[in-house]
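Participant: This is the structure, below, for whatever I ask next.
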Amino acid sequence: MIMQPGLKITLALIALITVMSGGTSGCAINPVTGGQDVVFMSEQQEIAIGRQTHQQVLDAFGVYDDPDLQDYITRIGERLAAGSHRPELIYRFTLLDSKQINAFALPGGYIYITRGMLAYLNDEASLAAVIGHEIGHVTARHSVRQHGAAQMAGIGATLAAILVPGMNTPAAGQMVNILGNAMLSGYGREHELEADRLGAEYMARAGYDPQRILDVLGLLKSQEQYAQELARIEGREPGTYHGLFASHPDNDTRLQEVVATANAVRVSGEPFIGRDEFLALIDGLTFGDSAREGIIRGRNFYHGEMGFALRFPNDWRINNQPNQVVAMAPGGGALLVLQAEDLGKRVSPREYLLERLRPQQLTDEREFRINGLPAYSMRTQTRTESGVRPVRYTVVYLNDMAYVIAGASRDAANAEQLVMHDQAFVATAASFHALTENEQLLATPLRLKITTAEAGMNYRDLAAASPLEHLAEAQLRLLNAAYPDKPLITGEAIKIVN
């Protein structure tokens, strides 16, 4: 599954837990192999899980608003699915409004690709490789087979207890990671290779070159190398690649052998690439943060739709998530979280915060105005597994919304750091203000632009003129499959960001 590991495990387990009780056990014929699988759900249950979880995915990410691009993805998906081992399923293909570089499938034929993934592809055949791989997960019923293995290992009840709302504790989260990694290391590699083989087969039947799967996996390997470099610069541990192969795909003999099996069903004639068609459709694609989630520029955060802006401390790492913005101090010594909630009734900022938190101890209470907006701030303590931690909460009202800025320090024993972090928390809250007219442009997302490489043009100069803030040249190279050091080709269509 081509996506980040945390999201992959979470989505799979949420879907599977839905049928942990009341499922049907027994053997079923695998649509791909013709052999028998031990499963605990019927095909009807599998489809029902996908249908139920589909709305959760849409709520979490949102659908990218581009009907032409959505129709294009659906046409490609249906063409591939028609030549699959389960053509009778009604497949649903959705383009998600997420900057994450992801694609994944739910049971029953629900397949998703993010605009973040789309931005790094360069032709229709590569897009078909991503979609075909996910169709392979569905046709081989991988999520159903994982569910059966989990049941047989006796971990169903444990997973349900961990992921049921209200049970999301740090210890539970750690257990999810342990179990998730165990499932992947046990048979994830085999499922991924099988999905690659099936995706290649479906591509070949639809007239695409199945070798494009290797190109896409190579792209993702380059992304991993870039992520490691960015983490080194920011002084943190890098995120883990999906972990299914350590070397580059070009050096993975078994992967190449699996993909090569599709040659037996290749259609005659030249395989379809579709570069011009694809690039024309992604011209103008939102890149990075979206207007829906707000825009990070340097240490500033702008939200045009909600009409506010604020500034985080210097050198803090900022992570813009769908439902919150998280900033971490260098070295991880402190954390700041910004969240918003629609006000349901007319209460003062102090009443709002105390009703929700019900703190036992309060210090340094302040009821005041921040840039003309009603606000309240206080310090309290929260108890964690490693001890008591001081926390500052500030709430600011704007346009019937309550914005809560929570800051916590990790080392409660370091008095000097506590003071320094609290000053950073206060300064961040004090920077909150209604978006000005001059800031409207800064709240506008970046977009891809398709242009033609001219003589003398190079990635270094393009990076210097780019609005990209982190390793701009590396990002432009990744967008154009030129990482780490391929040159521009004069006259070739390329992607830039503006």
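The values are calculated or read from the model by the stated rules, or taken from the named source; none is laboratory data. The shown structure was predicted, so the numbers you read here are calculated from the model rather than taken from an experiment. When we count neighbours, we look across all protein chains shown, and the Cβ atoms used for this are built from the backbone with ideal geometry, even at glycine. When the accessible area is computed, the model is the full protein with side chains, heavy atoms only, and any ligands, DNA or RNA have been set aside. Shrake-Rupley method; radii C 1.70, N 1.55, O 1.52, S 1.80 Å.
Participant: Can you go through TYR403, TYR393 and tell me which one is touching a residue at least 60 places away in the same chain (Cβ under 8 Å), hydroxyl-bearing (Ser, Thr, Tyr) and in contact with a strand residue (DSSP E or B) (Cβ under 8 Å, 6 or more places away or on another chain)?
Facilitator: TYR403
Participant: Show me the helices (runs of 4 or more DSSP H) entirely contained within region 206-295 in which 1 or more residues are touching a strand residue (DSSP E or B) at 6+ places or on another chain (Cβ under 7 Å), modelled with pLDDT of 85 or more and among the β-branched types (Val, Ile, Thr).
Facilitator: Working: elements: 212-234, 253-260, 275-282.
Of the helices (runs of 4 or more DSSP H) lying wholly inside region 206-295, those with at least 1 residues that are touching a strand residue (DSSP E or B) at 6+ places or on another chain (Cβ under 7 Å), modelled with pLDDT of 85 or more and among the β-branched types (Val, Ile, Thr) span 275-282.
Matching residues to (1) assigned to a strand (DSSP E or B); (2) open to solvent by less than 50 Å² (accessible area, probe 1.4 Å):
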{"site": "TYR302", "(1), (2)": "yes, yes"}
{"site": "MET306", "(1), (2)": "no, no"}
{"site": "PRO313", "(1), (2)": "no, yes"}
{"site": "ILE318", "(1), (2)": "yes, yes"}
{"site": "VAL326", "(1), (2)": "yes, yes"}
{"site": "GLY331", "(1), (2)": "no, no"}
{"site": "LEU336", "(1), (2)": "yes, yes"}
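Participant: So which residues in region 251-270 are of a type outside the set (S, T, N, Q), closer than 18 Å to SER84 by Cα and surrounded by 12 or more Cβ atoms within 10 Å (Cβ to Cβ)?
Facilitator: Result: VAL258, VAL259, ALA260, ALA262, VAL265, ARG266, VAL267.
Participant: Given (1) open to solvent by 50 Å² or more (accessible area, probe 1.4 Å); (2) assigned to a strand (DSSP E or B), where does MET420 come up short, assuming only one miss?
Facilitator: For MET420, the failing item is (2).
Participant: Still on this structure, please answer the following. Looking only at residues in region 358-384 that are part of a strand (DSSP E or B) and of a type in the set (Lys, Arg), which one is nearest to ASP411 (Cα to Cα)?
Facilitator: ARG383
Participant: Something else now. Considering only residues that are under 25 Å from MET420 (Cβ atoms) and open to solvent by 20 Å² or more (accessible area, probe 1.4 Å), which ones fall in region 338-350?
Facilitator: Hit for region 338-350 is GLN339, nothing else.
Quick grid of which residues meet (1) of a type outside the set (A, V, I, L, M); (2) buried (at least 21 other Cβ atoms within 10 Å of the Cβ); (3) assigned to a loop (DSSP other than H, G, I, E, B):
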site: ARG51; (1), (2), (3): yes, no, no
site: GLN55; (1), (2), (3): yes, no, no
site: GLN70; (1), (2), (3): yes, no, no
site: LEU89; (1), (2), (3): no, no, yes
site: GLY136; (1), (2), (3): yes, yes, no
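Participant: Now a separate question. Return yes or no: is ARG369 more than 23 Å from the chain's Cα centre (by Cα) and modelled with pLDDT of 95 or more?
Facilitator: For ARG369, the condition - more than 23 Å from the chain's Cα centre (by Cα) and modelled with pLDDT of 95 or more - is met.
Participant: Between a first residue in region 351-362 that is closer than 12 Å to THR380 by Cβ and open to solvent by less than 60 Å² (accessible area, probe 1.4 Å) and a second residue that is among the aromatic types (Phe, Trp, Tyr) and modelled with pLDDT of 90 or more, which pairs have beta carbons less than 6 Å apart while being 6 or more apart in sequence or on different chains?
Facilitator: Within 6 Å, the pairs are LEU353/TYR376; LEU353/TYR393.
Participant: Residue by residue through region 207-225, note down the ones that are closer than 30 Å to ALA82 by Cβ and small (Gly, Ala, Ser).
Facilitator: GLY207, GLY218
Participant: Moving on to the next point. Of (1) open to solvent by 20 Å² or more (accessible area, probe 1.4 Å); (2) among the small types (Gly, Ala, Ser); (3) part of a helix (DSSP H, G or I), ALA481 satisfies all except one. Which?
Facilitator: The single condition ALA481 does not satisfy is (3).
Participant: Can you pull out every residue in region 300-334 that is touching a Phe, Trp or Tyr at 6+ places or on another chain (Cβ under 9 Å) and under 19 Å from ASN498 (Cα atoms)?
Facilitator: ASN300, PHE301, TYR302
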